[in-house]
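Notes follow the structure.
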Amino acid sequence: MVYTYPMGEVKQMAPSSLPSKYNRKIGRAMGDYRMLDDGDRVLVAVSGGVDSLVAAWVLHTWRAKAPIDYLLEAVYVDNGFWTPEHGGSPPAQRIAAQLERFGLSFTAVEGWSVEEERTCFICSRNRRSQLFELARQKGFNKIALGHHKDDLIETFMINALYSGNVSTMVPRQDLFDGRLSLIRVLAYLDKTEIIEISKLADLEPVDSYCPIGEDSRRETVRSLLEHICKHIPDARNSIFSALGNVRDGYML
């Protein structure tokens with residue numbers, strides 16, 4: 001089921017533009033991977049976490065100054081983790097209230113129920129399928145996700161340590177013969193920068209209420225990276241640079 005939240009009176013968020021140090025990084029990521037084109041229809045996936053809220057706000061503010069025009073709509077896939085016993089209002093309502101402040105259209109869809117045991121992989125797969133289907137139904141050609149630099153580094157480490165392959169999420173990924181592209185406009189920003197932007201934009205993360213919590217492998221890798229960075233302070237930047245500097249002749 002799809003729920004559309006109508007926008008009320010628009011109250012512009014402050015600031016209306018990004019600080020230049022973040023603006024440059026986002027602009028470089030967009031340019032390096034040609035994330036946006038004139039006439040794009042962009043569906044931004046908002047989970048309620050600070051990363052996806054910032055991605056939605058960035059794409060909204062970027063549209064006002066970009067030399068191109070694109071349609072932007074936010075979507076939240078509700079996996080049904082919240083119950084009235086948690087108290088307060090449902091996550092979708094709290095997300096809608098924040099997006100309404102800068103006039104971004106918002107839709108909530110019910111996630112697919114699964115008979116099998118819930119895992120991070122299953123929920124992620126089903127959520128992705130929901131997004132793909134909604135994009136197909138409504139004619140969107142881009143899906144924007146809130147992944148950032150630290151996510152790309154951690155994914156590389158997870159794949160290397162647990163799956164035995166060298167890969168990560170990429171800033172732009174074309175799917176279905178190019179009919180749909182995933183874009184990650186925050187790919188050049190680290191988590192501390194995302195948090196600073198969220199404070200500047202007065203964005204508040206919304207709890208997911210997931211009974212499982214975050215992927216334990218990602219938590220393990222995150223702790224490992226923190227330990228490494230205590231001994232090699234610039235390790236994260238080096239790993240990130242290495243992802244774009246693969247020497248093919250020296251790989252097995």
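The values are calculated or read from the model by the stated rules, or taken from the named source; none is laboratory data. Since we're looking at a predicted model, the values are computed, not measured. Cβ atoms come from the backbone with ideal geometry, glycine included; neighbour counts cover every protein chain shown.
Scanning the range 89-103 turns up no residue that is of a type in the set (Val, Ile, Thr), surrounded by 15 or more Cβ atoms within 10 Å (Cβ to Cβ) and touching an Asp or Glu at 6+ places or on another chain (Cβ under 7 Å).
For the range 18-56, the set of residues classified as modelled with pLDDT under 95, loosely packed, with under 11 Cβ neighbours inside 10 Å and not charged (D, E, K, R) consists of Ser20 only.
Here's the yes/no breakdown for (1) out of contact with any helix residue (DSSP H, G or I) (no Cβ under 7 Å at 6 or more places or on another chain); (2) without any contact (Cβ under 8 Å) to a residue 60 or more places away in the chain; (3) outside any strand (DSSP E or B); (4) exposed (fewer than 14 other Cβ atoms within 10 Å of the Cβ):
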{"residue": "Thr107", "(1), (2), (3), (4)": "yes, no, no, no"}
{"residue": "Gln130", "(1), (2), (3), (4)": "yes, yes, yes, no"}
{"residue": "Leu134", "(1), (2), (3), (4)": "yes, no, yes, no"}
{"residue": "Ile158", "(1), (2), (3), (4)": "no, no, yes, no"}
{"residue": "Thr168", "(1), (2), (3), (4)": "no, no, yes, no"}
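Those helices (runs of 4 or more DSSP H) of the range 187-250 in which 1 or more residues are in contact (Cβ under 8 Å) with a residue 60 or more places away in the chain and farther than 30 Å from Ser17 by Cβ occupy 216-231, 235-243. The set of residues in the range 136-154 being under 20 Å from Asp37 (Cα atoms) and either assigned to a helix (DSSP H, G or I) or among the aliphatic types (A, V, I, L, M) (or both) consists of Arg136, Lys138, Ile143, Ala144, Leu145.
State yes or no: is Arg118 modelled with pLDDT under 90, more than 25 Å from Glu193 (Cα to Cα), under 16 Å from the mean Cα position of the chain (by Cα) and of a type in the set (D, E, K, R)? Criteria not met by Arg118. Those residues that are in a helix (DSSP H, G or I) and crowded, with 20+ Cβ neighbours inside 10 Å, I need them from the range 62-77; list them, please. Residue satisfying the conditions is Trp62 alone.
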